[in-house]
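Participant: Below is one structure. I have some questions about it.
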Amino acid sequence: MANLLHLCNRRFALSGLTALRHTTAAQYRPASSNRPMLTNNNIGTVPRAQWKLQALSRTQLPHVYSDLSKGKLTGFVVLTAMAGYAIAPGATHISVLLWTSLGTAMCSASANSFNQWIEVPYDAQMARTRNRPLVRHLVEPGHSLLFGLTTGALGTLVLYGVSPLAGLLGFTNIALYAVAYTGMKRLSIVNTWVGSLVGAIPPLIGCAAAGALGPEAWVLAGIMFAWQFPHFNSLAHTLRAEYSKAGYRMMSVARPRLNARVALRYSLLMFPLSALLPIIGLTDPWFVVDSSVVNAYMAVCALGFWRHPDTKHSRRLFFSSLVHLPVLLMLIMGHKLINDREKRK
């Protein structure tokens, strides 16, 4: 294990050279002058990177692990998995819900930790990410890798214990996020569609934990897939200068007009997707009316962003998406309860 951590830390020191010209001396300290110099045709002669940990107390470790897991994002992922379990037929066991939530949280933590381990040279160049634990030298790269491997293995096993299909979906999501999405971010704007697929899988995990992937699972996954675009595209527009500096091939950087158009397109898709829920018998018909109000709010913001693709309208769309999804999920739960009550009469 010691050899593995040594190799991981050596890999990071070499890969971090590409970010040296964008970081401060406090972040990357040069080695002594008698150490060999590494050259790169693009950046000239630079000193070998030297890893230097900051002092870290045990009381700080939970916060560091939360940052490696992207705690808020992981909480959101768990929420959507719980929503998937709640709408599935036969979802009656609280213990199954808790185990599913724990396994999903571990899988999400694993994927996010791998993502930071891979992207730390680029995180150092962006104001939004430069305070992450690896950039600040709070933990070694090997520590982050080990954390990702451990949580990924445990999360997959926990979900597999609940349902083999849930375990397979959890493992697939780790691979999609850490390998496919992270790898494509510097290659193609298609990375946004891959990232949206990652966001659509947690509801499927919840439904699989309840026993099967019925029509309601796929509709909810479709809603989650479509929601990712107005949410992320608006955020990416606000951060487009930083994404460009770090070399990410985001729609907001490469094709800004397409970025706004795609956000509007998928905002409008929320209407027919929501209308499918009463058709398949999950909610009562009045859900169409209530959901249309919520969907219209985000669609109007997306329309404004499409007409005026500036920071003001991108932020308005982003914050509308933060309100939209939890309200829509609560409406689905509420109208499902009403529909179930009507069926029992």
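The values are calculated or read from the model by the stated rules, or taken from the named source; none is laboratory data. Fair warning: this is a prediction, and the values are worked out from it, not measured in the lab. With ideal geometry, Cβ positions are generated from the backbone for all residues, glycine too; neighbour counts draw on all protein chains shown. The protein model used for the area step is the full one, side chains on, heavy atoms only, and it has no ligands, DNA or RNA in it. Shrake-Rupley method; radii C 1.70, N 1.55, O 1.52, S 1.80 Å.
Participant: Can you name the residue in the stretch 67-95 that is open to solvent by 10 Å² or more (accessible area, probe 1.4 Å) and outside any helix (DSSP H, G or I) and is also nearest to GLY170 (Cα to Cα) among such residues?
Facilitator: If we take residues in the stretch 67-95 being open to solvent by 10 Å² or more (accessible area, probe 1.4 Å) and outside any helix (DSSP H, G or I), then SER69 is nearest to GLY170 (Cα to Cα).
Participant: Take the stretch 285-306 and flag every residue that is touching a His at 6+ places or on another chain (Cβ under 8 Å) and either of a type in the set (A, V, I, L, M) or open to solvent by 50 Å² or more (accessible area, probe 1.4 Å) (or both).
Facilitator: Correct list: TRP286, ASP290, VAL294, TYR297, MET298.
Participant: Right, something else. Can you find a residue that is modelled with pLDDT under 90 and farther than 26 Å from PRO326 by Cβ anywhere in the stretch 143-154?
Facilitator: Yes, because at least one residue in the stretch 143-154 is modelled with pLDDT under 90 and farther than 26 Å from PRO326 by Cβ.
Participant: Right, here's the next one. Identify the residue in the stretch 228-266 that is among the hydroxyl-bearing types (Ser, Thr, Tyr) and touching a residue at least 40 places away in the same chain (Cβ under 8 Å) and, among all such residues, is surrounded by the most Cβ atoms within 10 Å (Cβ to Cβ).
Facilitator: SER234
Participant: Against the condition outside any helix (DSSP H, G or I) and either free of Cβ contacts under 8 Å to residues at least 24 places away in the same chain or buried (at least 18 other Cβ atoms within 10 Å of the Cβ) (or both), how does LEU282 come out, does it pass?
Facilitator: Yes, satisfied.
Participant: Restricting attention to the stretch 192-227, which residues are part of a helix (DSSP H, G or I) and open to solvent by 30 Å² or more (accessible area, probe 1.4 Å)?
Facilitator: If the condition is that a residue be part of a helix (DSSP H, G or I) and open to solvent by 30 Å² or more (accessible area, probe 1.4 Å), then TRP193, LEU197, PRO215, TRP218, PHE225 are the ones that fit.
Participant: If you go through the stretch 107-122 one residue at a time, how many are under 16 Å from HIS143 (Cα atoms) and either open to solvent by 40 Å² or more (accessible area, probe 1.4 Å) or not acidic (Asp, Glu) (or both)?
Facilitator: 11
Participant: Hey, another quick one. Mind checking whether some residue in the stretch 96-103 is crowded, with 24+ Cβ neighbours inside 10 Å and assigned to a helix (DSSP H, G or I)?
Facilitator: From the stretch 96-103, those crowded, with 24+ Cβ neighbours inside 10 Å are 100, 103; that's our starting set.
This time we only want the ones that are assigned to a helix (DSSP H, G or I), so: 100, 103.
Yes, the stretch 96-103 contains a residue that is crowded, with 24+ Cβ neighbours inside 10 Å and assigned to a helix (DSSP H, G or I).
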